[in-house]
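K.L.:
Dropping a structure here in structure tokens format, bear with me for questions.
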Amino acid sequence: MSWQRPIQGCLVWTGCLMSAVVWGQAGEDGQGNDPAKLDPISVTATGRAMSPFDYPGMVSVVDNESLRDRQPSSLDDAFGRMPNVEFTGGPRRTGEVPSIRGFDGSDVVVTVDGARQNFLSGHDGRVFVDPSLLREVEVVRGPSSSLYGSGATGGVIALRTLRARDLLGPDDNAGVRFRGSYQSVNEEESGGVTAYGRPVEELGLLANINARNSGTIELGDGNELTNSDDDIVSGLLKANWQPGDHSELELSYIGFDNDAREPNNGQGAGGDNSVDKAIESETARLRYDYSDPANPWLDVKALAYRSEQSVDERRLDDDGLGPQGELLTREVETTGFRVDNRSRFAWDGGSVSFTLGGEYYEDEQTAEAGGGTRGGVPSGEFDFRAAFAQAQLRFNKLGALPGQVSLLPGIRYDGYKASGGLGAEPDDSELSPRLGVTWKPTPETLLFANRADAFRAPTLNELFSTGEHFTIPRVGTNNFVPNTDLAPQRTETWEAGAGLDLSDVLVDGDTFTIKATHFETDAEDFIDQEVDQPFPPACFPPNCNGTTRAVNVGSAELWGQEFQGSYRVGAFTASFGFSRIDGEDDQSGDKLGVLTPAQGTLDLRYELADLDSTVGGRLLVADDFDKVNEPAEERDAYEVVDLSYRWQPRQPGLRGLNVRAGVDNVFDEAYSRVFTGAAEPGRNIKLSVSYNLRW
């Protein structure tokens, strides 16, 4: 983008300098909720607002203030160690790939303000959004295919960006927020400006621009991860207009531009095979909502969007799989439309909310290597069309059962068609039913069960890949082979759990909340990559040529447990979580899935009201990891401690100032996460200063 360079240095320092202003109107909004507290409202899980505690499954929501307290530099920082949710791929932000309950890639749906982010690659990340633009993130763990279709096998990650009303007070008409930050582990400097306003009562406007610059990453094992330079500019434009009492239009544009220098495989530890990597992401969307409380039949939400993500890599040496100067390109364009309507009814014994909707989206992928075909990345199109229905029924009394019973039945039809220039156009259709049941014998206790079918359509890369995969000097070449007969991957998940939401447990006024679950997922026609590479004496070099292709394997199973909860009394909060996951091929017994060690988290916070401050500490404990097929993939146990501090003065002369400081990995623990070629970052000192002026 042509606007990146002139403003980069200015933005990095403007946020820091302007944040030192000590006159203003108000501080940042929000109450600093933690995702494990189960307080925020979920809208992704069912399509309508509800408490995560009442949902027949596991949902985590991180609100705006919690995001700011974490001082996130990447999406991995923003998600903050949710149970069975990982952003693996090493310390480089460009290599981060989300996984949920052992599923990753095309088995996880990612949306930004409802717009699908369908970019997929082996080593170049999955979604490109600067965390400074986010107001909230929500993760639904487990199948959500009745609402979201192909890819929701592991779950759904919903990212939501800032709106003007998130920063404006009830008596404000306009404002500006300046922000600057620094972290030591990669000498990252970041700064941004957000302007927002309400020129008339019906219209909210917001414009944000942010710059981020970082370099070599210091690792906990004492080494340095070189070739890790990022030069990022991101921006957000958003307008919310209410043309009538019951309707709203929202128009937005999100941009992300990163000029990075790193290995072609951003997830690796080495410095060879260096590339100049240009990463761009743009999402434009238009949303329309209509909801009249006096009309229970009509509650319409419609969304149209276009997302474009591209990664261009220019080889800087001859150490990789191609010549110096070769340009590798990959671009994915997604165009989509979604509409649904909710009808609500109530009677003496309960209520029902019924959702009907439809969706269409198209992915178009283009790729080149040196102006020709790029091995493993075919050009092609994928079309999806869907219709779905879901009901939420609540019975205040059901037969002889005490307490409240809720049912969540749903079903979705998906049809898809792929084309990749090989003469074949695979197409198929699927039905994805689900049923969730929640029983609350008392207002403080909950039992739930959930059964859901899900599917995942094969990707363009799996169906149509051709060209060279890798070459072994003086031995032979391995080439991709297309497989247009791939069947969609199908799964069946059972889940059951319980929860407690208690008050006055140890002392008057305290609260204790916990929710736990066990889940099992059975998969058929599991899509896997088969690499067949012969070696002497089975062949004669240099003609030991092999193949790589995607195949369906018979059946597989993944299972695990997780819980999350909190205890609160006065100014003190303790939040905690635990997760465990395992998976294997039913026929061979081999481990499969993005498995992780059993791990627990503890987050402590104490509000010092007299000092306008909050102090916190977080502990992550992970067990030894040996659920592997290769000994080299084993990992040692580790413990990581983080500390945080926030000062948000309430005095009239300082109101609007917000200072945050923290230390991640306080004891410089040397540890590595699973399926990653590099150790994690070492001790990281973080500081951010923001100033919010409203009038």
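Each value in this text was obtained by applying a stated rule to the coordinates, not by laboratory testing. Every value quoted in this text rests on a predicted model; they were computed, and no experiment measured them. Neighbour counts are summed over all protein chains in view; Cβ atoms, including those assigned to glycine, are modelled from backbone coordinates with ideal geometry.
K.L.:
Using the Cα centre of region 433-578 as the reference point, and only Cβ charges (+1 on K/R, -1 on D/E), how large is the resulting charge dipole? Debye, rounded to the nearest 20.
P.N.:
Details: 9 positive and 20 negative charges, 64 e Å.
Dipole magnitude for region 433-578 comes out near 300 debye.
K.L.:
Could you work out the relative contact order of region 4-694, using alpha carbon pairs under 8 angstrom and six or more residues apart, expressed as a whole percent?
P.N.:
On the way: 2099 pairs, mean separation 95.7, N = 691.
Here the relative contact order equals 14 percent.
K.L.:
Rounded to whole Hz and in sequence order, give me ³J(HN,Hα) for region 546-561 from the Karplus expression 6.51 cos²θ - 1.76 cosθ + 1.60, θ = phi - 60°, writing x for Gly and Pro.
P.N.:
Using θ = phi - 60°, the values come out as x, 9, 10, 8, 7, 9, 8, 9, x, 8, 8, 9, 10, 8, x, 9 Hz.
K.L.:
Further question: Please list 334-344, 85-95 highest first by mean number of surrounding beta-carbon atoms within 10 Å per residue. Present the calculation step by step, with values, prior to reporting the outcome.
P.N.:
Working: 334-344: 18.0, 85-95: 25.2.
Most protected by this proxy first, the peptides run 85-95, 334-344.
K.L.:
Within region 284-323, which residues have the backbone N less than 13 Å from the label spot 7 Å out from residue 276 along Cα→beta-carbon, could you tell me?
P.N.:
The answer is 312-317, whose backbone nitrogens lie closer than 13 Å to the label point.
K.L.:
Still on this structure, please answer the following. Quickly estimate the mean residue ellipticity at 222 nm for the chain, helices only: each DSSP H run with n ≥ 4 gives -39500 (n - 2.57), and the total goes over all residues, rounded to 500. Before the final figure, lay out the partial values.
P.N.:
Numbers: 5 runs with 35 residues, N = 695.
When only DSSP H runs of four or more count, the value is -1500 deg cm²/dmol.
K.L.:
Follow-up. Mind checking which of 223, 265, 288 is farthest towards the positive end of region 209-291's charge dipole, using Cβ charges of +1 (Lys, Arg) and -1 (Asp, Glu) about the Cα centre?
P.N.:
Farthest towards the positive pole: 288.
K.L.:
What FRET efficiency would be calculated for the residue pair residue 474, residue 427, taking the C-beta separation as r and a Förster radius of 60 Å, to the nearest 0.05?
P.N.:
Working: r = 43 Å, r/R0 = 0.72.
Between residue 474 and residue 427 the formula returns 0.90.
K.L.:
Next question. Along the Cα→Cβ direction, 7 angstrom out, place labels at residue 435 and residue 300. What is the inter-label distance in nm?
P.N.:
3.3
K.L.:
Which shape class applies to region 170-312: rounded if a/c is under 1.5, otherwise prolate when a/b exceeds b/c and oblate if not, where a ≥ b ≥ c are the square roots of the Cα gyration tensor eigenvalues? Spell out each step's value before the answer.
P.N.:
Working: a/c = 3.26, a/b = 2.12, b/c = 1.54.
Judged from the Cα gyration tensor, region 170-312 comes out prolate (a/c at least 1.5, a/b above b/c).
K.L.:
Picking from 687, 373, 506, whose Cα lies most toward the positive end of the charge dipole for the chain (charges on Cβ: Lys, Arg +1; Asp, Glu -1)?
P.N.:
506
K.L.:
Right, another one. Karplus couplings for region 153-166 from phi (6.51 cos²θ - 1.76 cosθ + 1.60, θ = phi - 60°), rounded to Hz, Gly and Pro as x?
P.N.:
Per-residue couplings from phi come out as 5, x, x, 10, 10, 10, 9, 10, 9, 4, 10, 4, 5, 6 Hz.
K.L.:
Taking R0 as 51 Å, what FRET efficiency do you get between residue 314 and residue 51 from their Cβ-Cβ distance, rounded to the nearest 0.05? Intermediate values should be presented prior to the final figure.
P.N.:
Values: r = 50 Å, r/R0 = 0.98.
Taking R0 as 51 Å, the efficiency between residue 314 and residue 51 is 0.55.
K.L.:
Hey, another quick one. As I understand it, the dipole of region 4-694 uses +1 on the Cβ of Lys and Arg and -1 on the Cβ of Asp and Glu, about the Cα centre. Which of 533, 482, 583 lies farthest toward its positive end?
P.N.:
Ranked along the dipole, the leading option is 583.
K.L.:
Okay, next question. Testing the spin-label approximation: label points 7 Å from Cα along Cα→Cβ at residue 539 and residue 326. State their distance in nm.
P.N.:
Placing both labels 7 Å along Cα→Cβ, they lie 1.9 nm apart.
K.L.:
Which of rounded, prolate or oblate describes region 276-360 when judged by the alpha-carbon gyration tensor and an a/c cut-off of 1.5? Before the final figure, lay out the partial values.
P.N.:
Numbers: a/c = 5.65, a/b = 3.99, b/c = 1.41.
Here region 276-360 falls in the prolate category.
K.L.:
Separate question: In what sequence, highest mean first, do 548-561, 47-60, 626-639 appear when ranked by Cβ atoms within 10 angstrom?
P.N.:
Details: 548-561: 18.1, 47-60: 21.9, 626-639: 13.0.
The most tightly packed comes first, giving 47-60, 548-561, 626-639.
K.L.:
Still on this model: May I ask you to compute the full-extension gain from residue 253 to residue 449, defined as 0.36 nm times their residue separation minus their alpha-carbon distance, rounded to one decimal in nm? Display every interim value, and only then the final one.
P.N.:
Details: separation 196, 0.36 × 196 = 70.56 nm, distance 3.93 nm.
Stretched fully, the residue 253-residue 449 segment lengthens by 66.6 nm.
K.L.:
Oh, and also: Could you size up the charge dipole of region 546-695 around its Cα centre, putting +1 on the beta carbon of Lys and Arg and -1 on that of Asp and Glu, and report it in debye to the nearest 20?
P.N.:
Computed charge dipole of region 546-695: roughly 1320 debye.
K.L.:
Using each residue's phi in region 389-394, evaluate 6.51 cos²θ - 1.76 cosθ + 1.60 at θ = phi - 60° and report the 3J(HN,Hα) Karplus result to the nearest Hz, with x for Gly and Pro.
P.N.:
Rounded to whole hertz, the list is 9, 8, 10, 10, 10, 10.
K.L.:
Something else: Would you please put 279-288, 183-192, 295-304 in order of how densely packed they are, using the mean number of other Cβ atoms within 10 angstrom per residue and starting with the highest?
P.N.:
Details: 279-288: 19.2, 183-192: 21.5, 295-304: 15.5.
Descending packing order for the listed peptides: 183-192, 279-288, 295-304.
K.L.:
Where Rh is the Kirkwood radius over the Cα pairs of region 564-605, the temperature 25 °C and the viscosity 0.890 mPa s, what D in µm²/s does Stokes-Einstein return?
P.N.:
Numbers: Rh = 12.7 Å.
Value of D from the Cα-based Kirkwood radius: 193 µm²/s.
K.L.:
Given the C-alpha centroids of region 637-695 and region 99-171, what is the distance between them in whole angstrom?
P.N.:
Computed from Cα coordinates, the inter-centre distance equals 23 Å.
K.L.:
Follow-up. Once you sort the root eigenvalues of the Cα gyration tensor of region 515-617 as a ≥ b ≥ c, which label holds: rounded (a/c under 1.5), prolate (a/b larger than b/c) or oblate (the other case)? Working shown, then result.
P.N.:
On the way: a/c = 5.25, a/b = 2.60, b/c = 2.02.
The shape class here is prolate.
K.L.:
Here's a follow-up. When the chain is fully extended, how far beyond the present Cα-Cα distance does residue 360 get from residue 347, taking 0.36 nm per residue of separation?
P.N.:
On the way: separation 13, 0.36 × 13 = 4.68 nm, distance 3.51 nm.
Result: 1.2 nm gained on full extension.
K.L.:
Still on this structure: Rounded to the nearest 20 debye, what is the charge dipole size of the chain about its Cα centre when +1 sits on each Lys and Arg Cβ and -1 on each Asp and Glu Cβ?
P.N.:
Numbers: 62 positive and 111 negative charges, 438 e Å.
Computed about the Cα centre, the dipole is about 2100 debye.
K.L.:
Once you have the Kirkwood Rh of the chain from its Cα pairs, apply Stokes-Einstein at 10 °C and 1.306 mPa s and quote D in µm²/s.
P.N.:
On the way: Rh = 26.4 Å.
Roughly 60 µm²/s, to the nearest whole number.
K.L.:
Nearest 0.05, what FRET efficiency do residue 604 and residue 661 give at R0 = 22 Å with Cβ-Cβ as r? Mind dumping the intermediate values first?
P.N.:
Values: r = 17 Å, r/R0 = 0.75.
It comes to 0.85.
K.L.:
Another question, if that's okay. Report the label-to-label distance for residue 531 and residue 492 in nanometres (one decimal), using points 7 Å from each Cα along the Cα→Cβ vector.
P.N.:
3.4
K.L.:
Once the piece of chain linking residue 639 and residue 202 is laid out straight, how much longer is it, given 0.36 nm per residue of separation minus the C-alpha distance between them? The partial results should precede the final answer.
P.N.:
Values: separation 437, 0.36 × 437 = 157.32 nm, distance 5.04 nm.
Length gained between residue 639 and residue 202: 152.3 nm.
K.L.:
Hey, what did region 544-609 get for relative contact order, percent, Cα under 8 Å, at least 6 apart? Display every interim value, and only then the final one.
P.N.:
Working: 105 pairs, mean separation 20.6, N = 66.
Computed value for region 544-609: 31 percent relative contact order.
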